[in-house]
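Right, one structure below, let's go through it.
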Amino acid sequence: MYCENNCEIADLALAPTGHQKIEWVKPSMPVLSSIHERFLREQPLAGLDISISIHLEAKTAYFAHVLAAGGAKVRVTGCNPLSTQDDVAAALVDDGFCVNAVHGASAEDYRRHLIATLENKPQLIVDDGGDLVEILHEVRPELGERLVAGCEETTTGVHRLRARSAASQLKFPMIAVNDADSKHLFDNRYGTGQSVWDAIMHTTNRMVTGKTVVVAGYGFCGRGIAKNARGLGANVIVTEVAPHAALEACMDGNRVMPMAEAAKLGDIFVTATGCRDVITKEHFAVMKNDVLLCNAGHFDVEVSVRDLAEMAVSSCERRANITGYTLADGRVLNVLGEGRLVNLAAGNGHPAEIMDMSFGLQALCVEYAAKNGHTLEKGAVIDVPRGLDEQIAILKLAAMGAALDTLTPEQYAYLNGWEV
């Protein structure tokens, strides 16, 4: 364990491999690179302390470098103990960042790392799932005395922010980055769709073709997971509680049924609901032998590993990142990544090309918060300004060699008027 200058990571000697990973992703992140160049020139974040809690891997590290290029002092931690890559954390420390994150940290150590990341009393935060916000409200509110605003990366975090704001319990403005089109239409759908199956196939070394895959939840993440499963040759069942989402799943070619029925049929289960107790003991009781249980939601509450552990007569590590739970009748149910976010707990997260857009948008939103935070409504959840959202899409299109048509003045007038 390396502990020095308010940092705590696994091993500074791992830094060379971490540097390799960071350098590898840069060519696939042209949007973020263009922002990096502008930030170096303009220094829009000069003198600001920024604390970020995001899955700590190579793309996140490059994002931290971009914020630093804008003049900020950046503190970094993870947002899930199993998604931290120790070599990337070491590379950031080697580059002068203050980092508190260790892969596989206990719940107590993970919480301590989050608090340490806020001890500089930042003016801005970037959160992923709401852990920093929770600490600044419930645990160490004094650490938020200089806070101007923040950004939230993921669906679960935005849901929690909106609930807190509706109850008048949010103390500062937060920008809902997840809800922007440049984020959820691409990160949640294409990023999750690919990275979940990358992680499952690499971790298990099993085929998806011909299997029955049960996807719980048909939001943008669930749509991407189901689409890629169909593309890999799986028979897909979707479980949903929202009528329109369920109807869309049907029209996309999936079977739709309650989890109580799907549990009897599935070979691979992937939850992506943002809710808790989606798969519980009543479902485990009827599952086939040797199924795979995976979670793609932010928190490890969707697959009730606690229920499964209570039902099991024994458990063991069957393969790296796979725990097998043996039930009294001899069936073995396999949990990937301890029921945590499978694409990061057992994989490398979203492709760099996707995170290019997400972190590019985050960088622009951090800049927006730095310039306008004092004028934003206190305790409000703020939508990403449409201009920033479209700027990311335009930059990405240019990087992909694509170009847009433009409206003529007559077309613009036609679309914005009522005369034929």
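Packing, taken as the mean count of other beta carbons within 10 Å per residue, orders the peptides 180-188, 286-294 from highest to lowest as 180-188, 286-294.
Please report, in debye to the nearest 20, how large the charge dipole of the chain is about its Cα centre when each Lys and Arg carries +1 at its beta carbon and each Asp and Glu carries -1 there.
520 debye
Using a Gaussian network model on the chain with a 10 Å cutoff between Cα atoms, which of D252, D389, D356 fluctuates the most? Result: D252 has the largest fluctuation of those listed. Local charge for S182 was computed over the other residues whose Cβ lies under 11 Å away, with Lys and Arg +1 and Asp and Glu -1, and equals -3. Dipole of the chain computed with +1 at Lys/Arg Cβ and -1 at Asp/Glu Cβ about the Cα centre; of A15, G104, A116, farthest Cα towards the positive end is G104. Near G339: Cβ cut-off under 13 Å, other residues only, Lys/Arg at +1 and Asp/Glu at -1. The net charge is -2.
The residues packed around N6, meaning those with a beta-carbon under 9 Å from its beta-carbon, carry a net charge of -2 if Lys and Arg are +1 and Asp and Glu are -1. For the chain, the residue among N188, A91, V384 whose Cα projects farthest onto the positive side of the dipole built from Cβ charges is N188.
A simple charge model with +1 on the Cβ of Lys and Arg, -1 on the Cβ of Asp and Glu and nothing else charged puts the dipole of the stretch 242-396 at about 200 debye relative to its Cα centre. Over the C-alpha trace of the stretch 53-194, radius of gyration and Dmax come out as 14.7, 43 angstrom. Net charge dipole, the stretch 23-182: roughly 420 debye, given to the nearest 20, about the Cα centre with Cβ charges of +1 for Lys and Arg and -1 for Asp and Glu.
Express the relative contact order of the chain as a whole percentage, based on alpha carbon pairs under 8 Å and six or more residues apart in sequence.
Working: 903 pairs, mean separation 69.3, N = 420.
Relative contact order, the chain: 16 percent.
Which entries of K73/K378; K183/K288; K59/K371; K59/K288; K59/K378; K59/K281 have Cα-Cα distances beyond 29 Å here? Exceeds cut-off: K183/K288; K59/K288; K59/K378; K59/K281. Sorting the segments 302-311, 116-125, 268-277, 135-144 by their residues' average number of neighbouring beta-carbon atoms within 10 angstrom, most packed first, yields 268-277, 116-125, 302-311, 135-144. By the helix-only formula, in which each DSSP H run with n ≥ 4 contributes -39500 (n - 2.57) and the sum is divided by residues, the chain has a 222 nm mean residue ellipticity of -11500 deg cm²/dmol. Between G297, F220, P258, whose Cα lies farthest towards the positive end of the dipole of the stretch 216-366 when Lys and Arg beta carbons carry +1 and Asp and Glu beta carbons carry -1, centred on the Cα centre? With unit charges placed on the Cβ atoms, the residue in question is P258.
Scaling against 2.2 N^0.38 Å puts the C-alpha radius of gyration of the stretch 106-260 at 1.27. With all protein chains in place and a 1.4 Å probe, the accessible surface of the stretch 145-304 carries 53 percent carbon and sulfur. Take the chain with all the other protein chains still there, run a 1.4 Å probe, and you get 43 Å² of accessible area per residue.
How big is the Kirkwood radius of the stretch 241-393, worked out from every pair of different alpha carbons and given in Å to one decimal?
Computed over Cα pairs of the stretch 241-393, the Kirkwood hydrodynamic radius comes out at 18.4 Å.
Going by a ≥ b ≥ c, the root eigenvalues of the Cα gyration tensor, does the chain fall in the rounded group (a/c under 1.5), the prolate group (a/b larger than b/c) or the oblate group? Taking the square roots of the gyration eigenvalues as a ≥ b ≥ c, the chain is oblate.
The values are calculated or read from the model by the stated rules, or taken from the named source; none is laboratory data. Small disclaimer: the values here were computed from a predicted structure and weren't measured. So basically every Cβ, Gly included, is an ideal-geometry build from the backbone, and we count neighbours across all protein chains shown. Protein only, heavy atoms only, side chains kept; ligands, DNA and RNA dropped before computing areas. Shrake-Rupley method; radii C 1.70, N 1.55, O 1.52, S 1.80 Å.
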